[in-house]
Every structure is written in C-alpha cells, then in structure tokens.
Amino acid sequence: MAILMAAALSAAILVPGLAQAQSRPSLAEQVQQVQMQLQSAQQGTLSLLNRIDTLEQESRAQQGQIELLQHRIDQLEQQQKDQYLVLDARLRKLEQSAVPAATAASSAVVPAAAVNDPASIGAPAPAQPTAATPAASSAAARAPVTPAAQAAEQQTAYDGAFAFLRNGDYAEAARRFRAFLLQYPHASLAPNAAYWLGESYYVTGNYQVALDTFHRLLTQYPQSDKTRAALLKLGYCQFELKQYATASSTFNQLIATYPGTEEAHLAADRLRAIPQQSSGG
C-alpha cells in the first residue's frame with residue numbers, strides 16, 4: 001500500500017513537469033522564430049533603402065530639370081541683352097546720320113554783319129559783350145535762339161544722358177532723361193528720351209515705374225517711331241509684374257498692329273511663355 005502511494009505521488013509530481021516541458025517551444029523552434037524576425041527586419045531595411053534610393057533618383061532628376069530651366073533663363077537673358085545692344089546700335093546709327101544735317105543747318109546761318117560786309121567772313125569773331133555793358137547784355141538776352149542752335153542744344157543734352165545709359169549708370173541716365181523731358185517736352189528727341197527713361201527703369205527691375213513711363217510715351221507720342229518698342233516693353237513689364245492677362249492683350253495688339261516686325265516676333269515669343277508662367281503662379 002505504501003508502495004502504491006509513493007508511485008501515485010511521483011506521478012503527480014512528474015505529470016505537471018512533463019506538461020510544462022511540452023508547452024515550451026523547442027530550441028529549434030526558438031531559432032526558427034529568431035530567424036523569421038531577422039528576415040522581417042531585413043526586408044524592412046531593404047524596403048527603406050529602396051525608398052531612399054528612389055528619393056535620391058527623384059532628387060537628381062529634379063536637380064537636372066532645375067539646371068535646364070536655369071540654363072534656359074540664362075539664354076533668354078542673354079538674348080534680351082543682345083536685342084538691347086542691336087536696338088541700341090540701330091538707334092545710334094540713326095542719330096549719327098541726323099547729326100550732320102543739324103550741323104550743316106547750323107553752319108548755314110550767317111551773321112547779318114557778314115552779309116553786309118563780305119570781307120568779314122572768315123575774320124575773327126567780334127568780342128562778346130561783358131557784364132560791364134548791361135545794354136549789350138540785355139540785347140543779347142533778347143536775341144532769338146535759332147532753330148539750329150536749339151536743336152544742337154537738345155542733341156547735346158540727349159547724348160549726355162544716353163552716354164550714362166550706355167555706360168551702365170542707369171540712375172544718372174534716368175535723372176538726365178527726366179530733366180530733358182521737362183525742358184524739351186516737344187522736341188523731336190522727346191519720344192526717344194521717354195523710351196530710354198523707361199528702359200533705365202526696366203533694366204534695374206523697377207517694372208511698375210517702367211510700365212508707367214512706357215504708357216505715358218504711348219499716350220503722349222502715339223505717332224513716334226518708338227511706339228512699337230514701347231508697346232513691346234509695356235508687355236514685358238506687365239509680364240514681369242505677373243499681369244499675364246494684360247500682357248497677353250498687349251502682345252496680341254502689337255502682333256496685330258505691326259505684323260512681321262522684329263517687335264512682333266519678340267512679342268510672340270514672350271506670349272508663348274505666358275501659359276507656363278501663369279500655371280505656376
């Protein structure tokens with residue numbers, strides 16, 4: 001009887017231990033679980049690396065697009081500078097051809113004393129009246145200025161302002177062109193002065209002031225030979241100010257009014273860029 005009780009007690013002790021041993025995973029199963037976790041971690045790391053590589057490729061592609069756009073912008077800026085130099089050269093050529101005519105007209109004015117006394121032609125000019133002779137000074141002040149002398153005076157003032165523009169001193173050029181327009185608003189060179197005043201604002205990025213200047217030129221001098229160029233620059237200013245609808249209207253007006261001209265071709269080029277710009281802004 002004692003033997004049976006001892007056996008029963010041993011069985012009671014061994015059975016829970018066997019059940020607990022059977023419930024724990026084996027070493028092989030534990031190793032397999034660890035391997036599965038490692039594989040899952042490796043797959044996550046590989047997916048992350050692939051994503052990083054994809055982002056790097058996208059970044060390189062975007063950088064390439066940025067470089068292409070920057071190159072295109074540089075090309076457009078260079079084209080604009082070249083066009084400015086071409087227009088500058090054409091204007092200077094026209095102005096230089098007009099100078100001899102003004103000089104000839106000025107030299108054709110002969111003093112009355114020379115007409116009455118042919119011997120005085122080529123003789124030294126008489127002494128100018130001084131401040132000590134008020135009567136002579138008053139008479140000189142009342143003497144009318146000849147058209148040739150006035151034209152030469154205007155040309156000198158205009159050339160002085162244009163020299164500053166050509167040398168890149170746009171602030172001084174603007175100041176001198178404004179002074180020219182105040183002093184000679186009806187001169188033949190006034191439309192040109194107004195145009196280059198607007199240009200001095202445009203090249204320095206003062207697009208609103210340039211726009212107002214070109215608009216005044218078109219209003220005050222609608223029949224001048226600077227109308228086409230002023231209308232083009234008016235559209236350029238509107239474009240830079242992101243007034244795309246107004247710029248489109250200006251360019252279309254230029255193309256319709258002056259078809260086949262260089263300004264019309266430039267307006268068409270800028271017109272094609274408006275949808276891209278407006279979609280981005």
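Of note:
- Area of His265 that stays accessible when all protein chains are in place (1.4 Å probe, Å², to 10): 110 Å²
- The residues packed around Gln183, meaning those with a beta-carbon under 15 Å from its beta-carbon, carry a net charge of +1 if Lys and Arg are +1 and Asp and Glu are -1.
- In a fully extended conformation the segment linking Ser188 and Gln57 would gain 41.0 nm over its present Cα-Cα distance, using 0.36 nm per residue.
- Computed from backbone phi, the HN-Hα couplings of the stretch 198-204 come to x, 5, 5, 6, 5, 5, 9 Hz, rounded to whole numbers (Karplus: 6.51 cos²θ - 1.76 cosθ + 1.60, θ = phi - 60°; Gly and Pro given as x).
- Phi angles of the stretch 181-197 translate, via the Karplus equation with coefficients 6.51, -1.76, 1.60 and θ = phi - 60°, into HN-Hα couplings of 5, 5, 7, 10, x, 10, 5, 5, 8, 4, x, 5, 4, 5, 5, 6, 5 Hz per residue; Gly and Pro are given as x.
- Efficiency of FRET between Ala179 and Thr204 - r from beta-carbon atoms, R0 22 angstrom, step 0.05: 0.75
- Karplus-derived 3J(HN,Hα) values for the stretch 226-233, using 6.51 cos²θ - 1.76 cosθ + 1.60 with θ = phi - 60°, are 9, 4, 4, 5, 5, 5, 5, 5 Hz; glycine and proline are entered as x.
- Of all accessible heavy-atom area on the stretch 142-233, the percent that carbon and sulfur account for (1.4 Å): 53 percent
- Projected label distance in nm at Asp159 and Thr45, using a 7 Å step from Cα toward the beta-carbon: 8.1 nm
- Spacing of the two label points (7 Å from each Cα toward its C-beta) at Ala273 and Ala171, in nm: 2.8 nm
- Distance between the modelled labels on His265 and Glu29, one decimal in nanometres: 8.6 nm (7 Å Cα→Cβ projection).
- Stretched out straight at 0.36 nm per residue, the stretch from Thr257 to Gln220 would grow longer than its current Cα-Cα span by 11.5 nm.
The values are calculated or read from the model by the stated rules, or taken from the named source; none is laboratory data. Note that this is a predicted model, so its numbers are computed, not measured. Here Cβ is always computed from backbone atoms with ideal geometry, including for glycine, and neighbour counts include all displayed protein chains. With ligands, DNA and RNA removed, areas are computed over all heavy atoms of the protein, side chains included. Shrake-Rupley method; radii C 1.70, N 1.55, O 1.52, S 1.80 Å.
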